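**Q** Before I ask anything, let me first share the structure, which is written out below as structure tokens.
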Amino acid sequence: MRVLVVGSGGREHALCWAIAKSPKCKKLYCAPGNAGIAKVAECVDIGADDIDDLVCFAIENDIDFVVVGPEAPLVAGLVDQLMKSGIKAFGPSAQAAKIEGSKGFMKDLCAKYNIPSGYYDRFDEPDAAKEYILRKRAPIVVKADGLAAGKGVILCRNENEAYAAIDHIMAERAFGEAGDEVVIEEFLRGEEASFFALVDGEHALPLLSAQDHKSAHDGGEGPNTGGMGAYSPAPVITGKMAKTIMNTIILPTVEAMAAEGVPYKGVLYAGLMITNDGPKVLEFNARFGDPETQPLILQLKSDLLEALLACAEGRLDKLKLKWRDEAALTVVMAANGYPGYYEKGAQIKGLEKAEELDNVVVFHAGTVADGPNVFANGGRVLGVTALGKTVADAQKLAYQAVDLIDWPEGFCRRDIGWRTIKRRK
Ligand code: AMP
Ligand code: GLY
């Protein structure tokens, strides 16, 4: 089978790394890919958002199956366009991807179908939004309705911050069109975790849970990022909790989407707050997490390509997945300055030494190669991933690998996994 993966991050490297191992995969392309992906797939110079060019490439190169990594091409209808051309694809339709692409859509769905989530309201006009804040009081959360590259969420400690957030989104148009509307919602307290399930329109198959580390610096300091590290599974999601999440959140959402006439297919990523009243939805994403996918993939013993195909073909009820009984942890190495301004182009050395360690895989994100040399080419650049018996073991090994990488222009958090390690002490 000829497969095309769309995207260029650490998530897509992890997907390509696993798909390339499948006996079913005869040829693997990635658009646009990166220096690490180029070792397991043929990279094609087409951007992940160039829907027409991607569809043309898939037709001209007899692609049998397309796996879409990021949210933007999903929301822009890449899967719909591929299907129209008779090409099988993994990921939701544009309509179904609204579960991530419109926070208002997601909250309305939860409210209509009793899927646990915080209270909320939607506003397309700032004065009414401010009145709501005056009634509900802070702390409260203000979100731009549309996609804002993970930046459209503002946690407000007091009412003034909330008013400023509304002005930032609606008057200053900080996130462009994504701020035509705002969602204001309850500030939920508890422990945050991510839960992933494959969904084929009708059936859902749980994958593993994970925990991300969103702030740039140790101890939760610094600005929010796309994610500076993750581990899987998340101990807060016990076997019993996973069942509760499937029964109260994932399966009702699958049924709700089908009832709305927009059956959901692809990976459903639930961003959850585990509160004293049980798990509640913070957000849904219509794609795999980055960096959560990197540790998750290292845990998977089954054939990933077969699983993604079963999902796209509506056969998930017959699929069983095998997982390692271990922990996996990813430390993201980013360019100095990320998530603010950073330089590109510095050489990264020592990658081979890090990769020689057993149970370590270095997934690439923003990298480019020139011959055998690898250079930084983005904000998040590497995802150093290790397996261990426990999160503490995986953490130790991941940092051992990080320390073999010679890249003074980059940095990482030194505390990935702290929550779990502290829990065990
Ligand atoms: P999101 O992009 O919706 O995941 O939001 C980014 C981060 O903001 C989440 O990972 C949470 O840490 C936090 N967050 C979002 N919504 C809420 C909420 N309703 N209550 C508390 N924290 C939230
Ligand atoms: N790591 C957070 C995300 O993928 O949205």
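The values are calculated or read from the model by the stated rules, or taken from the named source; none is laboratory data. This is a predicted model, so every value here is computed, not measured. All Cβ positions, glycine included, derive from the backbone under ideal geometry; neighbour counts span all protein chains shown. Ligands, DNA and RNA are excluded from the accessible area calculation, which covers all protein heavy atoms including side chains. Shrake-Rupley method; radii C 1.70, N 1.55, O 1.52, S 1.80 Å.
**Q** Counting other Cβ atoms within 10 Å, keep those with at most 12, restrict to DSSP loop, and tell me which chymotrypsin sites (Phe, Trp or Tyr not before Pro) in region 73-173 are left.
**A** Those that pass, being in a loop and sparsely packed, are Tyr119.
**Q** Order 175-188, 355-368 from most to least packed using the mean count of other Cβ atoms within 10 Å.
**A** Listed from highest to lowest mean packing, they are 355-368, 175-188.
**Q** Same structure, new question: How do the peptides 410-420, 242-252, 2-12 rank, highest first, by the average count of neighbouring beta carbon atoms within 10 Å per residue?
**A** 2-12, 410-420, 242-252
**Q** Give me the 1.4 Å probe accessible area per residue for the chain, excluding ligands and nucleic acids, in Å².
**A** Solvent-accessible surface per residue comes out at 42 Å².
**Q** Right, something else. I'd like the per residue volume of the convex hull spanned by the Cα atoms of the chain, given in cubic angstrom.
**A** 139
**Q** In terms of the Cα gyration tensor, with a ≥ b ≥ c the square roots of its eigenvalues, is region 13-70 rounded because a/c is under 1.5, prolate because a/b exceeds b/c, or oblate?
**A** Oblate is the answer for region 13-70, as a/c is 1.5 or above yet b/c matches or exceeds a/b.
**Q** P(r) for region 247-300, please, calculated from all Cα pair distances in 10 Å bins and given in %.
**A** 21, 45, 31, 3
**Q** A further question on this structure: Which order do the peptides 94-100, 232-238, 340-346 come out in when sorted by mean C-beta neighbours inside 10 angstrom, highest first?
**A** 94-100, 232-238, 340-346
**Q** GNM, the chain, Cα, under 10 Å: largest mean-square fluctuation among Lys107, Lys265, Lys24?
**A** Lys24
**Q** Step through the residues of region 116-124 one at a time and calculate ³J(HN,Hα) from phi using the Karplus curve (6.51 cos²θ - 1.76 cosθ + 1.60, θ = phi - 60°), rounding each to whole Hz and writing x for Gly and Pro.
**A** Values per residue, Gly and Pro as x: x, 7, x, 5, 6, 8, 10, 9, 10 Hz.
**Q** Another question about this same structure. Compute the Cα gyration tensor for region 286-341, then decide on rounded, prolate or oblate, letting a ≥ b ≥ c be the square roots of its eigenvalues: rounded whenever a/c is under 1.5, prolate when a/b is larger than b/c in the other cases, and oblate in all that remain.
**A** Note, shape of region 286-341 comes out oblate.
**Q** Now for a different question. Take the cross-link list Lys130/Lys240; Lys27/Lys318; Lys27/Lys84; Lys39/Lys344; Lys240/Lys422 and give me the ones stretching past 30 Å between alpha-carbons.
**A** Where the Cα-Cα span goes over 30 Å, the pairs concerned are Lys130/Lys240.
**Q** State the Cα centre-to-centre distance between region 24-86 and region 276-346 in whole Å.
**A** Each part reduced to its Cα centre gives a spacing of 19 Å.
**Q** Over the chain, what percent of the accessible surface lies on carbon and sulfur atoms, probe 1.4 Å?
**A** 48
**Q** Please compute the contact order of the chain in relative form: average sequence separation of alpha-carbon pairs under 8 Å and at least six residues apart, divided by the residue count, as a percent.
**A** 16
**Q** What whole-number distance in Å separates the alpha-carbon centres of region 178-233 and region 116-150?
**A** One Cα centre to the other: 19 Å.
**Q** Just flag the GluC sites (Glu not before Pro) in region 102-174 sitting in loop per DSSP whose Cβ has no more than 12 other Cβ atoms within 10 Å.
**A** Within region 102-174, the qualifying GluC sites (Glu not before Pro) (loop, at most 12 other Cβ atoms within 10 Å) are Glu172.
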